[in-house]
Every structure is written in C-alpha cells, then in structure tokens.
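First comes the structure, then the notes that go with it.
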C-alpha cells in the first residue's frame, strides 16, 4: 500500500492555507513564536512578582542580636582626630565574626556599627585606626595611563594593622559609652 501524501495549496501570499479541518501543524512558526512569547512572559511575570515581594517585605534581613553600644573619642597629639576610621577586630578572629567600624567627627567622637546596625557584640577586640591623605602622583607607571595618587598615613602606621596595633578593648554586655583612645606618636 502506498502512503497517501497531503498536498496543501499555497496562495499568492507567503502564508500557506490551513489544512482541512482548520488544524494547525505542530511545527508552524506562529505556534513556536507564541509558545516562546508565553514562556518569556510567564518568567518575566514570576520575576516581577518575586521582586515585588522583596520590596514589600523589606530586604534588610535579620537584625544582629546581642549588639551593645560603643562610643568614644580618638585623641592624637592632644587634639581630637577628625575623619579617622575606627575598627574593632575580634582578638580571636574566626570566619563569620563581625567587625565594628565607625568614623570620627570634627570633635574626634565615633560610634561603632556592625553591618549597618548600631553597636558591636561583647568580647575582646584589637582597635585599628586609619587616617590617610592622598596627593596627586608624580610619575605615570606607563605612558598614557593615569598617574596613581600617593596615599600617606597621617598617624603612625602601626595603628592601621590589627597585628601591630597595641590598642585593645574588652566590650562588656553593657557596652562602652565614654571610651578614650589615645594615639601615641
């Protein structure tokens, strides 16, 4: 028995005429295009819904429990140190430990934060203080490249590394409100 072949007429236009019964062939371009658009639309809608949930619920994440306030002042050469970064590094630093950081104001006062939250966890810390100034470089490393700035520490460098800093603080469960850190020349 010979297999019967269906022959479809093509009009003068580029679209073929549908087969008898009005059924579309599964490989027709319009069907694949429609499926693709539908699939992309569903994924886009899902992504917009997820982003909307994050926006409504807030993306802050959980607050760190047990933080206590630490406030103080940094003194250098008998004067309050303005614009310095103060960092509290845990003595026994382990992966996952949180660092407390703050910036001194014009009166040398600072307040520590841990990942944006006010305070630090109680424990033993090595204190790091950094105060730098930048000046334009004088020599380009390669022709046509920008000249890198020169960074100069305005306080003794030993205070900028937890391995060499001799400033140590124990933060109790009640926190510290009047810590005075004096940097020696």
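Miscellaneous remarks
Results for (1) at pLDDT 90 or above; (2) assigned to a helix (DSSP H, G or I), shown as yes or no for each residue.
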residue: 51; (1), (2): no, yes
residue: 54; (1), (2): no, yes
residue: 64; (1), (2): no, no
residue: 89; (1), (2): yes, no
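- Looking across 162, 143, one residue alone is over 20 Å from residue 71 (Cβ atoms), at pLDDT below 95 and outside the structural domain of residue 80 (by TED's automatic domain parsing). It is 143.
- Members of region 153-171 that are outside any loop (DSSP other than H, G, I, E, B) and either surrounded by 13 or more Cβ atoms within 10 Å (Cβ to Cβ) or under 27 Å from the mean Cα position of the chain (by Cα) (or both): 153, 158, 159, 160, 169, 171
- Taken over region 115-152, the criterion of being more than 15 Å from residue 103 (Cα to Cα), touching a residue at least 40 places away in the same chain (Cβ under 8 Å) and in a loop (DSSP other than H, G, I, E, B) is satisfied by 121, 122.
- Selection status of residue 101, in the same structural domain as residue 172 (by TED's automatic domain parsing), farther than 16 Å from residue 154 by Cβ and within 18 Å of the chain's Cα centre (by Cα): yes
- Looking at 107, 71, just one residue is touching a strand residue (DSSP E or B) at 6+ places or on another chain (Cβ under 8 Å), assigned to a loop (DSSP other than H, G, I, E, B), modelled with pLDDT of 95 or more and under 21 Å from residue 169 (Cβ atoms), and that residue is 107.
The values are calculated or read from the model by the stated rules, or taken from the named source; none is laboratory data. Keep in mind the model is a prediction, meaning the values are calculated, not measured. Glycine also receives a Cβ, built like all others from the backbone with ideal geometry; neighbour counts cover every protein chain displayed.
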